[in-house]
1. Over the chain, with every protein chain in place, what whole percent of the accessible area is carbon and sulfur at 1.4 Å, could you tell me?
2. Using the Kirkwood radius built from alpha carbon pairs, what does the Stokes-Einstein equation give as D for the range 239-307 at 4 °C and 1.567 mPa s, in µm² per second?
3. Can you spot the lysines whose alpha carbon is less than 26 Å from LYS106's alpha carbon? Ignore those fewer than 8 places along the same chain.
4. Kindly provide log₁₀ I(q)/I(0) values, in the same order as q = 0.13, 0.15, 0.19 Å⁻¹, from the Debye equation applied to equal alpha-carbon scatterers of the range 40-118.
5. Excluding residues on the same chain fewer than 8 positions from LYS17, give the aspartates and glutamates whose Cα lies under 13 Å from its Cα.
6. Sort the following peptides by mean Cβ neighbour count (other Cβ atoms within 10 Å, averaged over residues), highest first: 303-311, 284-292.
7. What residues qualify as long-range amide H neighbours of SER324, i.e. H under 5 Å apart, gap of 5 or more or another chain, H built at 1.01 Å from N?
8. Could you tally the net charge around SER18, taking each other residue with its Cβ under 12 Å from the Cβ of SER18, Lys/Arg +1 and Asp/Glu -1?
Amino acid sequence: FSIRANSYTDELVQTAKSIASPGRGILAIDESNATCGKRLASIGLDNTETNRQAYRQLLLTTPGLGEYISGAILFEETLYQSTTGGKKFVDCLLDENIVPGIKVDKGLVPLPGSNNESWCQGLDGLASRSAEYYKQGARFAKWRTVVSIPCGPSALAVKEAAWGLARYAAISQFGMLVGIFPSKNRLAFIVTKLSSPDKARLHQFLDNGLVPIVEPEILLDGDHPIDRTLEVAEKVWAEVFYYLAENNVVFEGILLKPSMVTPGAEHKEKASPDTIAKYTLTMLKRRVPPAVPGIMFLSGGQSEVQATLNLNAMNQTPNPWHVSFSYARALQNTVLKTWQGRPENVEAAQKSLLVRAKANSLAQLGRYSA
Ligand code: 13P
């Protein structure tokens, strides 16, 4: 017996593989209530639970979404919500063969002793929360922390971001198993004393089995050139993988959500999709083992078309991993504008979601042209 051979390891690997399946990517709709409020305000709607539910219903009931979307990241409120007709959102996703996911971090707060940087909260109680999310149907998780180039980044902020991600990833995969038994030998000894059914029950009780999406977002803000982003990204991912390994995370059962390597948003020169692809893939090849099944990029404030073109450029040559998308804004901007909160616009808004989802699906296959 070893931690790596537990009953959920195969399931973790399987879940990660099915999310990283050809021509598909992730729809990120896990905005916190505060962030969702900002999106709703942009079309003149109040930030009420009714409006958030109506918007998420529009997205999650889009007919045919599963052709292009393999996973959807939800905020906790959405995981427990249903359509106005009474169908659980989780079931809407499963009917489209889309894996439900859940944002588990508790957001960013100032990091004392740093250069005005932040750290990401949410490890307290994470094992039991994750077990509850699993019961509710979630099979993957997301934890987003950020690194700011204009703020340094300080060595402290990078270390904290990397360590937090690694602890979260270990807890998502193995939950209380890791927390309760500090020593693997002790655990192995106890397990040898159990009958097979009891072993199975122990795993059911202790394991969480959520595939962790590892997301250290390197913010686009700043006037730095692309080489500086490359340097910072290499540093950040080196530390992330160092601590993931130290925490015994199974690399075959994680997904990454990196930022693309671009010049700072305020830099005088823009980079072409080919340049962004070249820099981003160079960084990933230097830092990410091929055991990782999928790289699911965030859009980070790029326009819808830019995000698609950049993804397409990255899929012009074979990669060691599935290179795809996990976009929020770059999938939702036109949807929101089309919807305007009006029931008569729902169908048109859903069609606009399918247009972006299909474009990114083609980009995942390297076959998109604008
Ligand atoms: P954007 O694609 O809007 O950057 O969002 C990414 C994200 O982390 C949401 O899950």
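The values are calculated or read from the model by the stated rules, or taken from the named source; none is laboratory data. Small disclaimer: the values here were computed from a predicted structure and weren't measured. Neighbour counts are summed over all protein chains in view; Cβ atoms, including those assigned to glycine, are modelled from backbone coordinates with ideal geometry. Surface areas here come from the heavy atoms of the whole protein model, side chains and all, with no ligands, DNA or RNA. Shrake-Rupley method; radii C 1.70, N 1.55, O 1.52, S 1.80 Å.
1. Answer for the chain is 53 percent, counting heavy atoms of protein chains only.
2. Reported coefficient: 95 µm²/s.
3. The reachable lysines, counting only those whose Cα sits under 26 Å from LYS106, are LYS38, LYS88, LYS135, LYS142, LYS159, LYS235, LYS257.
4. -0.52, -0.63, -0.85
5. Within the straight-line limit of under 13 Å, LYS17 reaches these aspartates and glutamates: GLU252.
6. Those peptides, ordered most packed to least, come out 303-311, 284-292.
7. The answer is ILE295, MET296, PHE297.
8. Net of charged neighbours comes to +2.
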